[in-house]
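Here is the structure we will look at, set down as C-alpha cells.
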Amino acid sequence: MRPFNNILLILIGLSQLAFAQQKDSVDAKAFIPTGIRAGWDLVSPARAELSNTFKGFEASVDIDLYRYYPTIEIGNAGRNYLSENGSSYENDGNYWRVGIDVNFMKKDPEKNMFFLGARYARSSYSEEARIVTTDPLWGDYDQVLQNNNLTASWMELTTGMRIKVWKILWLGYTARFKFAKNLDDNVNLLTTDVPGYGATDRPNTWGFSYYVMVKLPVRKVKTGI
Amino acid sequence: MGLRLTAFPYLCQLLMTKVRKSAVILVLWALFGACLDQPDCYNLTNNTVNISYRKIFDGALDTVAIESVTIVGFDSVFKSTNRAVTIPLDFTKTGVSVVLDAVEGTRLIDLGYKVQPQFVSEECGPRFLFSELTASSPSGDSVRILSGTPGGEASHVAIYRCPRNNFVRLAFKQVVDEDNVKDTVSIASTAANFEALTYYPISGELSYMNLPLNLNTTSTQITLELSNPSRVATLTFNYDLVQKTVFQVCGEQTFIANVQVSSDVFEFKKIETTRYVADSIYDPPKINFAAFQ
C-alpha cells in the first residue's frame, strides 16, 4: 500500500499547487474532455537503433479534465547483454504507468501544456543470465539462471511539455524521476534491469520519453482570445 | 486590458520557442546520459567477513594470539591480526567452516549465508551478493552476528571469549610525601611455578603486571628477576577456589576468591574501590594489590 500512499500525497500536493494559482472560478463544462490524445514514444526506437542491447516501444494515452490530465502509458522493453568473459543477460517484459499531469499553462487557447505529474508504475518480466567466473580460491563457476514472471513497481515524478503542431498532431516530452522501486529480491538471480524502470543498481533513476501524438476531439473547443 | 491581450500570445510564443529548444537539449542529454549511466566495476562482490574477538565480561575488543586461520577443505591460510580475522566466502556454497588456531586452543566457527549472483554490466560481468549471514560455534564459543551483510571494513561476527579467571594484577607504587604514586620496576624475567599460557607484560620497565594463578591448587609462586639493583623477588599467592556459572555459554568455571599475597621484597596493600574488591579476579584484570619496594 505504501506506493499508493506516496502517489496520493503527491497528487494532493499537485492539486493544492494548481488550486493555489487558480483565481477565477472554473466552469463545470471545463471538466468535460475536449479529446483523447494518443502518443508514440520516439526515444525507444532511437535507443534500439543506437544500441544493440535494447529493444522496446512505448505508447501513451491521456485525456483532459480542465487542467488535469489522467494518463496511462504502456510499453514493452528488453535487454540483451554479453560480457567479455562469456557471462550474458537478457530480459523481456511489459510495463504500464498510471497517473495524472497538472497543466500550468491553463490559459493557453490551444491547450498546450507545461506540466508536473506523478505516476505509479508496474512491470512484469522474465530474465535469464549465464554467470561465468573463475576464482583462484573457489574455482570455476558457470551456471544459467532464470527468473520467470517477476513483477516490480516504482513511482515517478514527471515534468514535460505538450505542443500542438498542426490540427490533431502534437509533440511532447516527459522527463521522469523514478524512485521507490520495489523488486522481488528473494530469487536465485538478482535482477539487473527492469523493463520500464532501467538498471537496478541505484535507488533512483531517471527517464525520458518524446512523443508524437494524435488528439482525437470529442467536443468543439473555442480557440482564440 | 488591451495590453494584457496582446502580450499573452507573445509570451506563449516565447515560451514555445524555449520549450522546443529545451526538448532538443533534453533528448541529447538523455542519449548522452545513457552512455554514462554505467555502474562502477570496483569491489562489486561483498564476499569478506570480518571476525573480531571480544571479552564476554564487557564486550570490549580482545587480543588473541592467533597461530593460523583456515577454512575446512582448503589449504589456504587467511589474513589475521591479534584482534580480527578476515575470511572470504565461497560463492559456490551457502556456508563455510572456519578453523581459528590460537595459543589458547582451537575454535571452530560455522558461517552460513545467502548468495545471489547478478549480471552487472557488459564491462563488469557478474557479481555475487552475500546476505543473511549466520554464525555458530561447534566448539562451544559464544558467537554473535554484528552485521548480517558481509563486505567492507566493519566487524560482522564477534567471538565472545569466556572470562579468563586466573589473572591477578599488581601495580607498583612508591610513597612520596605520604602519597602513593606510580612507580616503575625494572624486570628482567618472570616465571611461575606451573605451566601458564601467557602473562603480560613479562619484562621491561613496568608499572603493573598481570600474573597468572594456578586454578588446580590454592597456591601459586611467581618469581620476578629484578634489575637495578639486581635481585630476585618471590611472590606467593594463596587463595580459595570457587566453582560457579557466570555465563551460561561458558558453563561452570573455577573462580578465585580471597587472594592473599606475600613477598620477600615487596610489601602489599589491597586496592579496593566501590566497584571492585581486591581479593577477587576480574576480566580484564583490575588492580588487586599495590606493591611497594
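Tabulated data
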read-out	value
Value in Å of the Kirkwood radius, where the range B:203-244 supplies the Cα pairs that are averaged	12.2
Value of Rg/Rh across the range B:141-256 [Cα atoms, Kirkwood radius]	1.11
Backbone N under 19 Å from the A:Gln143 label point (7 Å along Cα→Cβ), restricted to the range B:126-165	B:126-134, B:150
Three semi-axes of the equivalent ellipsoid, the range B:79-224, Cα gyration tensor, whole Å, largest first	47, 19, 13
Residues of the range A:136-162 buried by at least 30 Å² on assembly (accessible area, 1.4 Å probe, chain alone as reference)	A:Leu137, A:Trp138, A:Tyr141, A:Met161
Stokes-Einstein translational diffusion, chain A - Kirkwood Rh over all Cα pairs, 0.692 mPa s, 37 °C, in µm²/s	169
Exceeding the 31 Å Cα-Cα cut-off - candidates A:Lys178/A:Lys220; B:Lys79/B:Lys114; A:Lys111/A:Lys181	A:Lys178/A:Lys220; A:Lys111/A:Lys181
Estimated inter-spin distance, B:Glu153 and B:Ser76, nm [label 7 Å along Cα→Cβ]	2.3
Per-residue mean of C-beta atoms belonging to partner chains within 10 Å, peptide A:193-202	2
Proximal aspartates and glutamates relative to B:Lys286, as straight alpha-carbon distance under 14 Å, when same-chain residues fewer than 8 apart are discounted	B:Asp58, B:Glu272
Summed buried accessible surface, chains A and B, 1.4 Å probe, nearest 100 Å²	3500
Computed [θ] at 222 nm, deg cm²/dmol, chain A (DSSP H ≥ 4; -39,500 (n - 2.57); rounded to nearest 500)	-4000 deg cm²/dmol
Accessible-area composition of the range B:29-145, carbon plus sulfur, in percent [1.4 Å probe]	51
For q = 0.13, 0.14 Å⁻¹, Debye-computed log10 I/I(0) when each Cα of the range A:96-225 counts as one equal scatterer	-0.70, -0.76
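The values are calculated or read from the model by the stated rules, or taken from the named source; none is laboratory data. Keep in mind that this is a model prediction, so the values were computed, not measured. Neighbour counts are summed over all protein chains in view; Cβ atoms, including those assigned to glycine, are modelled from backbone coordinates with ideal geometry. Keep in mind that these areas ignore ligands, DNA and RNA; they rest on the heavy atoms of the full protein, side chains included. Shrake-Rupley method; radii C 1.70, N 1.55, O 1.52, S 1.80 Å.
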